[in-house]
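Undergrad: This is the structure, below, for whatever I ask next.
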Amino acid sequence: MFLESYYSEQNGEFSFTREQASHFAKKVAGDFNPIHDEDNKRFCVPGDLLFSVVLSQVGLSQKMRFEFAGMINDGVAISVDQKSSTDLSMVDGSGKEYLHIIRDGDTTLNQALIEQVTKSYVQFSGMNFPHIMVPLMESKQIMINPTRPLVIYESMELDFERLDVTAPTVELTGSEIDVDGKRGSVTLQFCFKENDEVVGTGRKRMVMSGLKPYCQDDIDDLVNRFNQRKDDFTALLAAA
């Protein structure tokens, strides 16, 4: 499966190097959030990588809810703690929970379908900034701190009408932003389509902190830096 180069597994435990996690964020998700840079002091493994590994291990269920409980650093070994057939967690050796999963309905272990769903969702998810986030922030005249941009994955839900599909793609169906002082949240609604038919829906929620009044010059600078980081990484891959 395409995920194999982005994590290590030993005795049922999964771990991630900074390079693996950073390359997944950039190469698979198109996510250039500085928090996923190998040399960032606040480095954390992308939530979408945890989500992808979980699906590959426990399968895709018709209804799934993922609640992100904590940021995971490189080298931390985690494993699946299955409390019941519908209640699972990703925990470290001390039992600390990083991801809580609730699922219901039929489940498939079809790796080709799981890979398609994973890739489609992660590539959609990685487009949050600047394509979706910037217009939402402008609409409320607030913005994340341009010097320390921090947007944290809180939860994600999937709801498939059926699992006898082969190549569903993801489309955005709605987005909204709520602001409470210096904190805020963004909710994205999306659907899975196959042959122009909606076969499933989903929702992603992110939280923001340290919000500031909207400044177009600062936003333009933030977007330019994002695009430059993307160009630099692409050039680095091309030269390798």
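The values are calculated or read from the model by the stated rules, or taken from the named source; none is laboratory data. Because the structure is predicted, anything quoted here is derived from the model rather than measured. So basically every Cβ, Gly included, is an ideal-geometry build from the backbone, and we count neighbours across all protein chains shown. Side chains are part of the model used for accessible areas, which takes the heavy atoms of the whole protein and leaves out ligands, DNA and RNA. Shrake-Rupley method; radii C 1.70, N 1.55, O 1.52, S 1.80 Å.
Undergrad: Hey, quick one: spin label on residue 140, modelled 7 Å out along Cα-Cβ, who in segment 208-240 has an amide N within reach, i.e. under 16 Å?
TA: Within reach of a label on residue 140: 208-215.
Undergrad: Would you please name the GluC sites (Glu not before Pro) within segment 1-93 that are DSSP coil residues with at most 16 other C-beta atoms within 10 Å of their C-beta?
TA: Working: sites: 4, 9, 13, 19, 38, 67; in loops: 38.
Passing sites in segment 1-93 are 38.
Undergrad: How much accessible area per residue does segment 118-195 have, in Å², with a 1.4 Å probe?
TA: 47 Å²
Undergrad: Same structure, new question: Run the helix sum for the chain: -39,500 (n - 2.57) per DSSP H stretch of 4+ residues, divided by residue count, reported at 222 nm to the nearest 500 deg cm²/dmol.
TA: -8500 deg cm²/dmol
Undergrad: Please list, in order along segment 25-38, the HN-Hα scalar couplings obtained from phi with the Karplus expression 6.51 cos²θ - 1.76 cosθ + 1.60 (θ = phi - 60°), rounded to whole Hz, x for Gly and Pro.
TA: Those phi angles translate into 4, 7, 7, 9, 8, x, 9, 10, 4, x, 5, 9, 6, 4 Hz.
Undergrad: Angle, helix 47-58 long axis vs. longest principal axis of the chain, Cα atoms, 0 to 90°, nearest 10?
TA: So the inclination is approximately 10 degrees.
Undergrad: Using a Förster distance of 25 angstrom, determine the FRET efficiency expected from the C-beta separation of residue 179 and residue 229, and round it to 0.05.
TA: Working: r = 27 Å, r/R0 = 1.07.
The computed FRET efficiency comes out at 0.40.
Undergrad: Let me ask you something else. In nm, to one decimal, how far is the residue 39 label point from the residue 167 one, both placed 7 Å along Cα→Cβ?
TA: About 4.1 nm separates the two model spin labels.
Undergrad: Using θ = phi - 60° and the Karplus form 6.51 cos²θ - 1.76 cosθ + 1.60, what ³J(HN,Hα) does each residue of segment 211-227 get, whole Hz, x for Gly and Pro?
TA: After applying 6.51 cos²θ - 1.76 cosθ + 1.60, I find 5, 10, x, 5, 9, 4, 4, 5, 5, 4, 5, 5, 5, 4, 5, 4, 5 Hz.
Undergrad: Give me the one-decimal nm value for the distance between modelled label points at residue 239 and residue 201, 7 Å along each residue's Cα-to-Cβ direction.
TA: Simple spin-label model gives 4.8 nm for this pair.
Undergrad: Under a crude label model (7 Å from the Cα following the beta-carbon direction), how far is residue 215 from residue 96 in nanometres?
TA: 3.5 nm
Undergrad: Rank these by accessible area, largest first, 1.4 Å probe: 17, 108, 173, 147. If you can, show how the numbers build up before the last one.
TA: Working: 17 65, 108 25, 173 90, 147 115 Å².
Reading off the accessible areas and sorting them downward yields 147, 173, 17, 108.
Undergrad: Using the Cα gyration tensor of segment 136-240, with a ≥ b ≥ c the square roots of its eigenvalues, what is the shape: rounded (a/c below 1.5), prolate (a/b larger than b/c) or oblate (neither)? Before the final figure, lay out each step's value.
TA: Details: a/c = 2.67, a/b = 1.35, b/c = 1.98.
Since a/c reaches 1.5 but b/c is at least a/b, the shape of segment 136-240 is classed as oblate.
Undergrad: Let me ask another. Between 229, 103, 203, which gets the highest mean-square fluctuation from a Gaussian network model of the chain, Cα cutoff 10 Å?
TA: Highest fluctuation among the options: 229.
Undergrad: As an exercise, use a Förster radius of 35 Å and the Cβ-Cβ distance of residue 63 and residue 13 to find the FRET efficiency, rounded to the nearest 0.05.
TA: Using R0 = 35 Å, I get an efficiency of 0.80.
Undergrad: Just tell me which lysines come within less than 19 Å, Cα to Cα, of residue 96; anything on the same chain fewer than 8 places away is out.
TA: 83
Undergrad: Step through the residues of segment 122-139 one at a time and calculate ³J(HN,Hα) from phi using the Karplus curve (6.51 cos²θ - 1.76 cosθ + 1.60, θ = phi - 60°), rounding each to whole Hz and writing x for Gly and Pro.
TA: With coefficients 6.51, -1.76 and 1.60, one gets 5, 5, 5, 4, x, 7, 3, 10, x, 4, 9, 5, 4, x, 5, 5, 4, 5 Hz.
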